[in-house]
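Remarks on the structure that follows.
No value in this document is a laboratory result; all are computed from the given coordinates. Since the structure is predicted, the reported quantities are computational estimates derived from the model, not experimental observations. Neighbour counts are summed over all protein chains in view; Cβ atoms, including those assigned to glycine, are modelled from backbone coordinates with ideal geometry.
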Amino acid sequence: MNSVWQWNTGQPSIFGGLQQVANISKKSVETQGTRFRHDPVKLVKKPNRDGSGRTIPLGKRINLQDVYEYRMSGKTWDEVAAHFKCSTKHIHEKMTDTFPELRKVYFGGKERPGNRPKDVDITAIIRDILGGMSIRQVAPLYGISHVSLGRKLKQTDKGARAVEVARNRAMDMNAAKKAEAQKRRAAA
């Protein structure tokens, strides 16, 4: 007696119809799909400037001295790249490697923008902190970050004392808030 679990019973499979569809789709994939294609796909290659098969380096294509003079006339790197028909990144890297002084050139009529120490009245800040304000409250009033202000204050003796007073005041306030919260939890 044959069991229903035996697959080799000599009877046609119930999956026969599905197998027929699977064979058809497999054949179509083999004939049309790129995965099973035996002939390589031909890609059209971009023509190079001189037809030699290699790109001409930027230093040979354009005169770097002309680029230097054009940049020093006050043009931006984008304008230089457009004028010499190349990418901004490529010409900037090549020129700053060849002429390192171009890294420092800035045409804005003033100094290069960036982080610069700010002049602040430390005595007024110390007075505000000792008067009851925190460093985080004082910092925006003087247009400086609280981190920079803390560093500046720690550089002087009076400033270090003001930082210590502010820190102790903050710790006392946090302890009072914590004790009040514990009291509320115990009462509830």
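Beyond 20 Å in Cα-Cα separation lie the following of the pairs 75/118; 154/177; 60/94; 60/85: 75/118; 154/177. Spacing of the modelled spin labels on residue 60 and residue 102, each 7 Å from Cα toward Cβ, amounts to 2.0 nm. Computed over all pairs of different Cα atoms, the Kirkwood value for the hydrodynamic radius of the range 58-104 is 10.4 Å. Measuring nothing but how far apart in sequence close Cα pairs (under 8 Å, 6+ apart) lie, relative to its length, the range 123-188 scores a relative contact order of 29 percent. For the range 122-187, the fraction of C-alpha pairs farther apart than 16 angstrom is 47 percent.
The label point for residue 146 and the one for residue 187, both projected 7 Å from the Cα toward the Cβ, are 2.9 nm apart.
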